[in-house]
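These notes are about the structure you will find just below.
The values are calculated or read from the model by the stated rules, or taken from the named source; none is laboratory data. The model shown is predicted, which means the values in this text are computed figures rather than measured ones. Counting neighbours? That spans all protein chains shown, and the Cβs are built from the backbone with ideal geometry, glycine included. The protein model used for the area step is the full one, side chains on, heavy atoms only, and it has no ligands, DNA or RNA in it. Shrake-Rupley method; radii C 1.70, N 1.55, O 1.52, S 1.80 Å.
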Amino acid sequence: MHQLTLAEIARGLADKKFSSEELTKVLLARIAQLDPQLNSFISITEDLALQQAKAADARRANGESGALLGAPIAHKDLFCTQGIRTSCGSKMLDNFKAPYDATVVAKLAAAGAVTLGKTNMDEFAMGSANESSYYGAVKNPWNLEHVPGGSSGGSAAAVAARLLPAATGTDTGGSIRQPAALTNLTGLKPTYGRVSRWGMIAYASSLDQGGPLARTAEDCAILLQGMAGFDPQDSTSIDEPVPDYSASLNGSLQGLRIGVPKEYFGAGLDPRIAELIHNSVKELEKLGAVVKEISLPNMQHAIPAYYVIAPAEASSNLSRFDGVRFGYRCEDPKNLIDLYKRSRGEGFGPEVQRRIMVGAYALSAGYYDAYYLKAQKIRRLIKNDFMAAFNEVDIILGPTTPNPAWKLGAKNSDPVAAYLEDVYTITANLAGLPGLSMPAGFVDGLPVGVQLLAPYFQEGRLLNVAHQYQLNTDWHTRTPTGF
């Protein structure tokens, strides 16, 4: 049963081949057996899962149906879940039990999804390797000596290892798409505002977006259907109708205009990945797509702009973690200043501290105009590049990452080297565009992803292209040895 996709589980439950309770028990046993190798979960919610599975079976017995009714999933541990630890991968929130459900959690629970647990992540979603977690690094099921990508690496590793069919993630600079690429999954970052951020602990508020991680585009369509929609509790949520994503999967790609930016194929890209990307282009051409070279001239400024804007917003968002109201508090503070300093110094890990300091510096008097304001202007130029490109093409295609998964610890002494792994993904966050990564092959036995970007609210088009590609390739069906 652990090899079933979300779509296959929905059909199996509808046909009464098995119950949600049976499936949930199988997967919980599998997590208990295999996750110690991976460290992909922070919390396993066995009692809640069995309770939700029984309720889903009862709803089906009463004639209800739905693709997510009784389907097992997990949540990245920055989605608040009522009465359950929501740690954000940090010592700062190790003792925090959320008093309410995030909108995404509530929507999926209402649809009947079964929550197996909360997945490991880079601390406060800051990282590209899932090595900054207070709970230890997550390992890539394709090679346990390598990283799974981050910050949604726990969700990615769990799905890739077939511990469950799908999971939620969040993407601030590529944190769904990059781990999807490094673990052979399909991962989708929706348009900014498409999925509610209410109850999703913030890293960088103008960049964060929740989305699905699964093995196929078809499964991502099912999970996104349950997550997307307007939320009046989130001031950045956009009141835009949510289409039936599954209904658009089978559209023809005849005449689809695909743009391939020349800037994507510079010196930093592994030539073996470049070859796999070109192979995926040829596959889409066979399906009727038309390919042309385009230019995104301001892409070279994306990394410096992002690493001013994101830390600036993080320094503001994380100021609430002060040891006073909730979360970690230091022992025996001498006074209020000592309480603040030691609670934050002891509660935050080095990567979070680094980004808070960078952000506070960029926002400080005398530097705001030189750094933060300039970065926002560059952000606008990057958006304008995309708008011009989408006047010529329907989809933009390129690599998701410049390299396959690297060894655990390989980039710990050089944060900038890790930041550069996000070079292809961060532009979508800066512009607020939807982006998807799908499996495209292997380099040295490690998975490689191809990234698709589309205009605003065109998630259905991304899923359609990925689904048609997956009907004609088998990369997404490969399973890591031992899982």
Selection status of Gly226, out of contact with any Ser or Thr (no Cβ under 6 Å at 6 or more places or on another chain) and not in a strand (DSSP E or B): yes
Subset of segment 418-474 (residues that are in contact with a Gly (Cβ under 8 Å, 6 or more places away or on another chain), of a type in the set (S, T, N, Q) and open to solvent by less than 10 Å² (accessible area, probe 1.4 Å)): Thr425, Asn429, Ser437, Gln451
Single residue of Leu13, Leu6, Leu38 found to be in contact with a strand residue (DSSP E or B) (Cβ under 6 Å, 6 or more places away or on another chain), under 25 Å from Arg478 (Cα atoms) and crowded, with 23+ Cβ neighbours inside 10 Å: Leu6
Selection status of Ala289, in contact (Cβ under 8 Å) with a residue 24 or more places away in the chain and either closer than 30 Å to Gly89 by Cβ or in contact with an Asp or Glu (Cβ under 8 Å, 6 or more places away or on another chain) (or both): no
Candidates Gly226, Gly266 - the one that is small (Gly, Ala, Ser) and surrounded by 16 or more Cβ atoms within 10 Å (Cβ to Cβ): Gly226
Residues being outside any helix (DSSP H, G or I), of a type outside the set (A, V, I, L, M, F, W, C) and touching a helix residue (DSSP H, G or I) at 6+ places or on another chain (Cβ under 6 Å) - total across segment 23-62: 1
Filter result for Arg257 (over 25 Å from the mean Cα position of the chain (by Cα), at pLDDT 95 or above and under 19 Å from Gln353 (Cα atoms)): no
Any hit, segment 311-323, residues being within 28 Å of the chain's Cα centre (by Cα) and among the acidic types (Asp, Glu): yes
Selected residue [in contact (Cβ under 8 Å) with a residue 12 or more places away in the chain and either crowded, with 21+ Cβ neighbours inside 10 Å or assigned to a helix (DSSP H, G or I) (or both)] from Pro243, Pro212: Pro212
Residues of segment 406-437 classified as without any contact (Cβ under 8 Å) to a residue 60 or more places away in the chain, more than 19 Å from Gly266 (Cβ to Cβ) and assigned to a helix (DSSP H, G or I), total: 1
Odd one out for Val393 among (1) in a helix (DSSP H, G or I); (2) touching a Gly at 6+ places or on another chain (Cβ under 9 Å): (1)
Filter result for Thr103 (open to solvent by 10 Å² or more (accessible area, probe 1.4 Å) and of a type in the set (Val, Ile, Thr)): yes
The one condition in (1) of a type outside the set (D, E, K, R); (2) open to solvent by 60 Å² or more (accessible area, probe 1.4 Å); (3) part of a loop (DSSP other than H, G, I, E, B); (4) touching a residue at least 24 places away in the same chain (Cβ under 8 Å) that Thr81 fails to fulfil: (2)
Filter pass, Arg342 being part of a helix (DSSP H, G or I), over 17 Å from Ala202 (Cβ atoms), in contact with an Asp or Glu (Cβ under 9 Å, 6 or more places away or on another chain) and open to solvent by 20 Å² or more (accessible area, probe 1.4 Å): yes
Which listed residue is outside any loop (DSSP other than H, G, I, E, B) and in contact (Cβ under 8 Å) with a residue 60 or more places away in the chain, from Thr168, Thr172: Thr168
Complete set of residues in segment 438-483 that are polar (S, T, N, Q) and outside any strand (DSSP E or B): Gln458, Asn464, Gln468, Gln470, Asn472, Thr473, Thr477, Thr479, Thr481
Sole residue being in contact with a helix residue (DSSP H, G or I) (Cβ under 9 Å, 6 or more places away or on another chain) and closer than 26 Å to Tyr328 by Cβ, chosen from Ser20, Ser90: Ser90
Segment 356-368, subset among the aliphatic types (A, V, I, L, M) and in a helix (DSSP H, G or I), residue nearest to the chain's Cα centre (by Cα): Ile356
Any hit, segment 349-366, residues being over 22 Å from Asp208 (Cβ atoms) and not small (Gly, Ala, Ser): no
Exclusive hit being open to solvent by 30 Å² or more (accessible area, probe 1.4 Å), within 24 Å of the chain's Cα centre (by Cα) and within 30 Å of Leu188 (Cβ to Cβ), set Gln353, Gln376: Gln376
Residues of segment 278-324 satisfying the condition of being open to solvent by 30 Å² or more (accessible area, probe 1.4 Å), in a loop (DSSP other than H, G, I, E, B) and modelled with pLDDT under 95: Val324
Residue check for Ala181: under 15 Å from Thr401 (Cα atoms) and of a type in the set (A, V, I, L, M): yes
Criterion (out of contact with any His (no Cβ under 6 Å at 6 or more places or on another chain) and surrounded by 24 or more Cβ atoms within 10 Å (Cβ to Cβ)) met by exactly one of Ala161, Ala137, Ala110: Ala161
Segment 250-262: number of residues that are open to solvent by less than 60 Å² (accessible area, probe 1.4 Å) and not in a loop (DSSP other than H, G, I, E, B): 4
